[in-house]
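Every number in this text was worked out from the coordinates using simple rules, so none of it is lab data. Please read these numbers as outputs of a predicted model, since none were measured by experiment. Cβ placement follows ideal geometry from the backbone for every residue including glycine, while neighbour counts extend to all protein chains displayed.
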Amino acid sequence: MTRPATILLALVVVLGLAAPSLAPNPYDHQFRDMASASPQPGFPMGTDDLGRDRLSRLLYATRVSVLLAPSAATISVLLALLFSALAALPSRLVAWTLSLANGIFLSLPWIFLFIILRSKLSLNTDPLVSVTLTFALMGVAGWAIPGRAFTASIVEMKDAGWLLQARAAGLRPWRIATAHAWPHLWSLALAQFRILIPAYVLSEASLGLLGLGVADPMPSWGNLLRDLQHPDVVQANPWTLAPLALLVLVMICLESLTPSRKAAL
Amino acid sequence: MTPVGRESTFASRLAPGRLALGFLTFIATILIGGFAAAALVRYSPGFDVDEDVLNPHLSPATIAARHAQREVENGLPRFYLRYLARAAHGDFGKSEAFNLPVSELLRHRASISAGLLVRGTLGGLALGSLLAWLSVWPRRLTLELSAAATSGLLLAIPPAVLALFFFFREWPLWLAVALALLPRVFGTARSILEDFYSSPALLAARARGLGSARLAITYVLGPAAPQLAALAGVAVVLAFGSLIPIEGLCDVPGIGQLALKGALARDLPLLSALGLIITSLVAGVQWMGDLTR
């Protein structure tokens, strides 16, 4: 299952990255006399209600999702590593504050932050700004999940026998951290990174469907799914289901490559 | 870990230090959530508009004095304390979009969301646990694979898309909430059940010839109860998270739809109140969950 999933994912990533070369038309170009056109030569998936080529928009949307979900996951993991490193300090107050901050971040309803962010952005906000803000906020808001795993691991390491032996052998703290602690944390960080990617892909899709994610005309899988709110459009052109099919396919591939949370911890 | 080991872990969770930390986290979360809510209202556009400027009966000196007084009163720390005190009495201000007190709006819509939430959570817990049980207890590969495939497929579909499908088919929406919850419940419940299923205590009891039902109740469901209760708490939070897209897209007049309408109308008093209430709920449920996990 792992190999087909990897191949399929690689194919989707290549499609996304090569969107500018593969897309027959610019993603935001309106063919005003071709609004809601059915599939035909020149528009293999037809056009949307504004006359934009569906295939080109799907290719560009793939690029947005496959590039930015891992970027948001990277932000979360880096922030989590940065904050969790404080758990290595001998102070109990620092450990307590870290636990408190973690609990608070896990409790705050982040969907409200997205709602408020969108309500603060003006209607003519640059799409690039909205896409960057959406994924950056996802990355910042998500640090607490990997943070909890890193903190637990660092606290466990502090009491480990090998650490005492390394100290007794006269190794400097920096050497212990880089040669012994980091390899363990690195594998944990990779596992957390892989867990966060599908979570962010799905989050963007849900936000986009509500109109709270990436702003038009920039396409994303989330805002392309908005067509599903009109069953008549779906019935007239089944290609409107293509973004959902691609999303489900990518999610299944990502899940099959994702370590279980238990194993990651 | 053996059931005995788990019981001792559970007891350590209830140690006074842990209880105090959990309670402090709960209070701090509410205070920070409240501060964020108050700051949003305080710095919302139009908050500082001074209507005195337009009053021809006031002298410039009076206008300046009143403006200075308002600035002192509306400084963030004072405003925050006033906001919290009013919120504690159920006064969350007036919605700009609906022109009604926020508390009244919440009262009208809470029962609709509560119905969807309770039925969806119970359904998700029942279906997820049943699937987890089927994939662990009978030890049949076909059942294990079918359960994993069902859960994997449901995890790959955004809850809002699932809800739209149910909405257009005119099927009950709580079932969409339950199906969105199913894979999250399934993963954790299966992991909990697997731990107990392979415990030495259960293997010894099975070797003594105990019946399946007794084994399941005494060595799996009983010891796993605290963790399953924690899972129920998490399920409530997850189901609540799915209410906003589901109610917003499927035209259900509940709290989730109110939040979405508030966002689209840039109704900051309403959003702040909802944010504060939901933060309190989530923090409370997580605290209870942490105690039993």
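How charged is the neighbourhood of B:ILE255? Take every other residue with its Cβ under 12 Å from the Cβ of B:ILE255, and add Lys/Arg as +1 and Asp/Glu as -1. Summing Lys and Arg as +1 and Asp and Glu as -1 gives +2. Look at the Cα gyration tensor of segment B:218-293: its axes a ≥ b ≥ c give a/c of at least 1.5 with a/b at or below b/c, and that counts as oblate.
Its Cα gyration tensor gives segment A:27-165 an equivalent ellipsoid; the semi-axes, largest first and in whole Å, are 46, 17, 10.
At R0 = 25 Å, how high is the FRET efficiency between A:ASP216 and B:ALA265 if r is their beta carbon distance? Nearest 0.05 is fine. That gives a FRET efficiency of 0.85.
Proximity of backbone amide H atoms, modeled 1.01 Å from N, is registered between B:LYS94 and B:VAL102 at under 5 Å, excluding neighbours fewer than 5 places apart on the same chain. Applying 1/(1 + (r/R0)^6) with R0 = 45 Å to the Cβ-Cβ distance of B:SER198 and B:ILE27 gives a FRET efficiency near 0.70.
For chain A, the longest principal axis of the C-alpha atoms and the axis of helix A:182-210 are separated by about 30°. Think of chain B as a dipole: +1 on every Lys or Arg Cβ, -1 on every Asp or Glu Cβ, centred on the Cα centre; then among B:LEU274, B:TRP287, B:LEU106, B:TRP287 lies furthest on the positive end. Helix B:16-42 and the longest principal axis of the C-alpha atoms of chain B enclose an angle of approximately 40°.
Along segment A:53-64 the Karplus relation, 6.51 cos²θ - 1.76 cosθ + 1.60 evaluated at θ = phi - 60°, assigns HN-Hα couplings of 5, 5, 5, 4, 5, 5, 5, 5, 5, 4, 4, 4 Hz to successive residues, with x for each Gly and Pro. Note on the protein assembly as shown: helix-only mean residue ellipticity at 222 nm, from DSSP H runs of 4+ residues weighted -39500 (n - 2.57) and normalised by residue number, equals -24000 deg cm²/dmol. Using the Karplus relation 6.51 cos²θ - 1.76 cosθ + 1.60 with θ = phi - 60°, the per-residue 3J(HN,Hα) values for segment B:223-228 come to x, 7, 3, x, 5, 5 Hz, with x marking Gly and Pro.
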